[in-house]
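Reviewing the structure listed below.
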Amino acid sequence: MSGSVAQRPVRPPSRPRYKGKAPYLFLSPYLVLTTAFFAVPFVNAILLAFYETNGPRSRAFVGLANFVYLFTDSVFRRALFNTTVFALVSVFVQLPLSMALALLLNSGGDRVKGFFRLVFFSPNLVGQVLVGILFGVLFTPRYGLINRGFQMVLHWGLEARWLSEPRLIMPAIVLTSLWLWVGFNMIYFLAALQTVDKTLQEAARIDGASPWQIFWHVTLPSMRHVVIFVVIMSVIGSYQLFELPLTLLSESYGYGANDAGLTLITYLNYNAFRCGDLGLGSAVGWVVALIIFVISLVQIRLGRLAEED
Amino acid sequence: MNLLQILLLALFAAFVGLRLLGRRRAASRFARWTLLTLGAVVVLAPFTWLLAAVFKDRSVLNEFIFLPPVEQWSEKTLNLNNFRELFKGRPSLTGPVYFWEYVLNSTVYATCTTVLQIFFCSLGGYALAKYEFRGKNALTLFMLGSMMIPSVLLLAPLYKMVVDLRLVDSLAGLIIPGMVGTYGIFLFRQACMSVPNEMIDAARLDGCGEFGIYLRLVMPLVRPMAAAFCLICFLGNWNAFFAPNVFLHSQDKLTLPVVLNLYLGEFRHDQGVFLTGTALAMIPPAVLFFALQREFIAGLTSGAVKG
């Protein structure tokens, strides 16, 4: 016993413990507000999903009928499908682009790096609503900046009806989201790249590894914590996509032609707050929460597995 | 072939040329800066377009991609009509409402929430970082769990509560539920961890009260995090749409994003007006961002990179 203590590094003598009420007092605003505005609504959200409501004041118990309705409603399935497509695109298109930008920037000088970082981050100062309003005009057929840009570079797209042709609605939302969020995730990747051990990369290079091999086998594994964090955050964000389609497709409350731009939260917003069925809205909320929860768990699990290898 | 295509081809040809000459390093440097510059142009183009659009008449809004060449400048391409139209009083049930009222609402909402959040979150974060107390582990676990719950799930029951509390259709109904946040507490907890215990103990021995330690010792030390969080919080609330859109009803109580979304329909045929409102709404976050830029990037990434 005494032997093991002696081997430990010398620790400073344990400090006298504070025994007063201060921490409870300091946390009391959080505790009170969280009980009132998180715990109580949370319990209500559980209960509400089993009721049919008409506005905030009248309700009738309907058991599981809200959930049964959701899974037989083809509009809801469409929303689920669209949102999942968007989440997949976010992870497999947006994040690689962010990573590519971060890699391009990482070897530059500090001043240049600061400038480009500022430029690429700047769309995030503008909220989703404002971006949606602006891009709604940029996507105007024949005249819009984006239509003209496509025409100039690719000789295609001047007449493209981005926001009214079902086939083009999701691509338009994705393009807007790329403009908005590629720079945001780049900030995380850039910060992580700067913590990667340079000597490891150098050793791999001397051993004859190609830049691609160095990235895939040295750089990426050593920043996996950040990668997992960013993937989880962007999946969570994707499943809550709402304001962007709402403002881009404002004439149909975000649904778009043939429901091509409909997301889960758009569906929730329309049914709960426009039609007044808060119960159905809560049921949708639970489906979203469950999806987010399961996907996060799977990703954390996969991250652990990768670590053990 | 147009100028833009020729330019892109020339850039590509220069890259291939450098590769063929065996100047691999130069080629990769050239490719890097070209790609970054093109990316920056794509990112900045919509802003530039918007800046030009607010001064243009409806009839020429889409005539020129940005501003016309100087010799074609006229009353139509450079005027303040959009601003005049935007700031004009608009009739509502409670009398005329002016655009500056929405600006005021947004400012009050975002500022109050930010100030209160900084105070309550730093207080809570400090308590979690530097005190041992019963229930601390359970509380931390609860907080981590509560971050997994998407806020939209709570919006419907929260709306019902706000209605019951008679706070609906007021900024107070938005500010009070948003005065404290788990994310903020964790950010401040992280920052407070790095304050040396010896300093806190010394202050305590010198007879400083617990709140005094927080206010006079800890807060100045975690100032960078406070600045970062200030921006995160202000941006989030200034741009918030979902809750304000549900909670606020009267025309004179609305915030900027809610109103601009309404204007999309109202000014469908006069897009310059809501574009001008959008451009104006971008200014306050941009000013704050430039003031707090350095702290912001550090604060945003500290949790993810360390954790």
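The values are calculated or read from the model by the stated rules, or taken from the named source; none is laboratory data. Since we're looking at a predicted model, the values are computed, not measured. Note that we place each Cβ from the backbone using ideal geometry, even for glycine, and neighbour counts take in every protein chain shown. Side chains are part of the model used for accessible areas, which takes the heavy atoms of the whole protein and leaves out ligands, DNA and RNA. Shrake-Rupley method; radii C 1.70, N 1.55, O 1.52, S 1.80 Å.
Overview of results
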quantity: With every protein chain in place, the stretch B:171-306: carbon and sulfur % of accessible area (1.4 Å); calculated: 62 percent
quantity: Shielding by partners - mean other protein chain Cβ count within 10 Å, residues of A:37-47; calculated: 6
quantity: Charge tally in the Cβ shell below 14 Å around A:Ile133, where Lys, Arg are +1 and Asp, Glu are -1, A:Ile133 excluded; calculated: -3
quantity: Solvent-accessible area buried by pairing B with A, both sides, nearest 100 square angstrom, 1.4 angstrom probe; calculated: 8300 Å²
quantity: Carbon and sulfur %, accessible surface of the stretch B:2-154 computed with the full protein complex present, 1.4 Å; calculated: 69 percent
quantity: 10 Å Cβ neighbours from other chains, averaged over peptide A:132-140; calculated: 6
quantity: Heavy-atom accessible area, 1.4 Å probe, ligands and nucleic acids excluded: residues of the stretch B:257-277 down by at least 50 Å² from chain alone; calculated: B:Leu264
quantity: Global geometry of chain A, whether rounded, prolate or oblate, following the gyration tensor of its Cα atoms and the 1.5 cut on a/c; calculated: oblate
quantity: Accessible surface ranking that places the most exposed of A:Arg161, A:Arg111 first, with a 1.4 angstrom probe; calculated: A:Arg111, A:Arg161
quantity: Sparsely packed trypsin sites (Lys or Arg not before Pro) within the stretch A:24-93, loop by DSSP, other Cβ within 10 Å at most 13; calculated: A:Arg57
quantity: Net charge of neighbours whose Cβ lies under 14 Å from the Cβ of B:Ser106, counting Lys and Arg as +1 and Asp and Glu as -1; calculated: -1
quantity: Restricting the stretch B:206-307 to trypsin sites (Lys or Arg not before Pro) in coil, as DSSP defines it, with at most 14 other Cβ within 10 Å; calculated: B:Arg268
quantity: In order through the stretch B:286-292: 3J(HN,Hα) via Karplus (6.51 cos²θ - 1.76 cosθ + 1.60), integer Hz, x for Gly, Pro; calculated: 5, 4, 4, 4, 5, 5, 10
quantity: Packing-based order for B:20-31, A:266-277, using average beta carbon neighbours within 10 Å, highest first; calculated: A:266-277, B:20-31
quantity: Contact order normalised by residue count of chain A, Cα under 8 Å, 6+ apart, percent; calculated: 26 percent
quantity: Within the stretch A:181-265, chymotrypsin sites (Phe, Trp or Tyr not before Pro) in DSSP loop having at most 16 other beta-carbon neighbours inside 10 Å; calculated: A:Tyr253
quantity: Accessible surface of the stretch A:73-308 [probe 1.4 Å, protein heavy atoms]: carbon and sulfur percent; calculated: 64 percent
quantity: Residue-averaged [θ]222 nm for chain A, counting only DSSP H segments that reach four residues, each worth -39500 (n - 2.57); calculated: -20000 deg cm²/dmol
quantity: Three-way shape label, the stretch A:165-309, alpha-carbon gyration tensor, a/c 1.5; calculated: prolate
quantity: Test item: B:208-215 mean partner chain Cβ contacts at 10 Å; calculated: 2
quantity: Exposure rule at most 13 other beta-carbon atoms within 10 Å, DSSP loop GluC sites (Glu not before Pro): chain B longest free segment; calculated: B:133-307
quantity: Rounded accessible area per residue of chain B, 1.4 Å, Å²; calculated: 49 Å²
quantity: At least 50 Å² of accessible area lost relative to the chain alone, listed for the stretch B:146-180 with a 1.4 Å probe; calculated: B:Met148, B:Pro150, B:Val152, B:Leu153, B:Leu154, B:Ala156, B:Pro157, B:Lys160, B:Met161, B:Val180
quantity: Accessible surface, per residue, of the stretch A:22-111 when the full set of protein chains is kept, probe 1.4 Å, Å²; calculated: 51 Å²
quantity: Estimated [θ] at 222 nm from DSSP helical runs (n ≥ 4, -39500 (n - 2.57)) normalised by residues in chain B, nearest 500; calculated: -22000 deg cm²/dmol
quantity: Whether chain B is rounded, prolate or oblate, judged on the alpha carbon gyration tensor where a/c under 1.5 counts as rounded; calculated: oblate
